[in-house]
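Below you'll find the structure, written out as structure tokens, and then a few comments.
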Amino acid sequence: MGKLDGKVALLTGSSPNIVGGIAEGLADEGAKIVSVDIFPGFANGCAEAINERGGEAIGLVCDVTNEEQVQATVEQARQHFGGVDILVNGAVIFNWAGVVDMPVEQWRHQLDVILTGNFLVTKHVSRLMIEQQRKGSIINIISTAGHQGEPWNVAYSTGKGGLLNFTRSVAMELSGHGIRVNSLTPTATDPSEGKERAGRWGVEWPRPRPYTNPRQGPGGNARAGSPLRTLPSPSHYGKAAAFLASDEAEMITGFDMRVDAGALAKYWIWDPSNDSGP
Ligand SMILES: NC(=O)c1ccc[n+]([C@@H]2O[C@H](COP(=O)([O-])OP(=O)(O)OC[C@H]3O[C@@H](n4cnc5c(N)ncnc54)[C@H](O)[C@@H]3O)[C@@H](O)[C@H]2O)c1
């Protein structure tokens, strides 16, 4: 018996990394999976991998910024599996650009994927949940960069910060229908699982990024700065998402679950790598 037996989960941004790991975590608890990505290799690769593990999944190609495509995707999920109980919004594009030098087209495109994509998929999945009177669970994927001031990542940080309050607003709006809306905050993630999954799916990950920028992300040693001295993997997020999506979390809505090895609780001056503990 899994926590999510009989439930259907639709996930966006199903690359072999974080959402691929969450999809496997939900499937391992019994959920049927609809894996959605703009890149066919990731939509279908995720579904095929779950079917090979003994689960039940379909892959659908969709640009989450296009409302017609989103509507058609939700309708295909309804036709195939009867409806949707769980939504995980994870589609994203990365770009290392700061406020002074970022072209406005890049700003609009990145926020379109992060904010508008989340809005459109939530809009059409929650309409279906309401129509079918399903007490669903919606999980928006944030980032520690959505809680803190990360330089040279202005659109990403802004979009992810926006999704924190999108979560609370939509949680209140849908509460009368028994639909719970929460967020899950990952942080710098161990890439080993993503690479292993990409090998298993027979795809290249990470894919080439739409924008190239001379900056390559934050400096520093993420592992050394982690209070737990190690970085989370997608399977850790999968376990947390399975809990949030399950009836065990029936009284939890409007909440942000941090699966960040303690990163956001850390006092900023403290350096865990120089402290061996009591
Ligand atoms: N990797 C990290 O260290 C990290 C840390 C914190 C939070 N996150 C968050 O976790 C989630 C997944 O991150 P990841 O590292 O697996 O990223 P990823 O780049 O591997 O996956 C993102 C996926 O979104 C898809 N996508 C992009 N634009 C789309 C569109 N318009 N429509 C549909 N799909 C689209 C991409 O094709 C890709 O498969 C994101 O929300 C990200 O912000 C990642």
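Where strands (runs of 3 or more DSSP E) fall entirely within region 1-81, those with at least 2 residues that are among the small types (Gly, Ala, Ser) are at 57-61.
Within region 28-52, residues that are closer than 27 Å to residue 247 by Cα and within 13 Å of the ligand (Cβ to nearest atom) have Cβ atoms under 7 Å from residues that are assigned to a loop (DSSP other than H, G, I, E, B) and hydrophobic (A, V, I, L, M, F, W, C) in these pairs: 36/62, counting only partners at least 6 apart in sequence or on another chain.
The condition of being within 14 Å of the ligand (Cβ to nearest atom), polar (S, T, N, Q) and crowded, with 22+ Cβ neighbours inside 10 Å holds for only one of 106, 110, that being 110. The set of residues in region 242-278 being small (Gly, Ala, Ser) and either out of contact with any Lys or Arg (no Cβ under 8 Å at 6 or more places or on another chain) or within 21 Å of residue 142 (Cβ to Cβ) (or both) consists of 242, 245, 246, 249, 254, 261, 262, 263, 265, 276, 277.
Quick grid of which residues meet (1) surrounded by fewer than 23 Cβ atoms within 10 Å (Cβ to Cβ); (2) within 13 Å of the ligand (Cβ to nearest atom):
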site: 64; (1), (2): no, yes
site: 67; (1), (2): yes, yes
site: 74; (1), (2): no, no
site: 79; (1), (2): yes, no
site: 83; (1), (2): yes, no
site: 97; (1), (2): yes, no
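Every condition in (1) assigned to a loop (DSSP other than H, G, I, E, B); (2) aliphatic (A, V, I, L, M); (3) within 15 Å of the ligand (Cβ to nearest atom) holds for residue 121 except the one numbered (1). Quick check on region 151-160. Is at least one of its residues surrounded by fewer than 17 Cβ atoms within 10 Å (Cβ to Cβ), in contact (Cβ under 8 Å) with a residue 12 or more places away in the chain and in contact with a helix residue (DSSP H, G or I) (Cβ under 7 Å, 6 or more places away or on another chain)? Among the residues of region 151-160, not one is surrounded by fewer than 17 Cβ atoms within 10 Å (Cβ to Cβ), in contact (Cβ under 8 Å) with a residue 12 or more places away in the chain and in contact with a helix residue (DSSP H, G or I) (Cβ under 7 Å, 6 or more places away or on another chain), which makes the answer no. Regarding residue 93, is this residue part of a strand (DSSP E or B) and modelled with pLDDT of 95 or more? When the stated conditions are applied, residue 93 does not pass them. When the residues of region 208-236 are filtered to those that are over 25 Å from residue 184 (Cβ atoms) and loosely packed, with under 13 Cβ neighbours inside 10 Å, the one that is farthest from the chain's Cα centre (by Cα) is 214.
The values are calculated or read from the model by the stated rules, or taken from the named source; none is laboratory data. Computed from a predicted model, the values in this text were never measured in an experiment. All Cβ positions, even for glycine, are placed from backbone atoms using ideal geometry, and neighbour counts span all protein chains on display.
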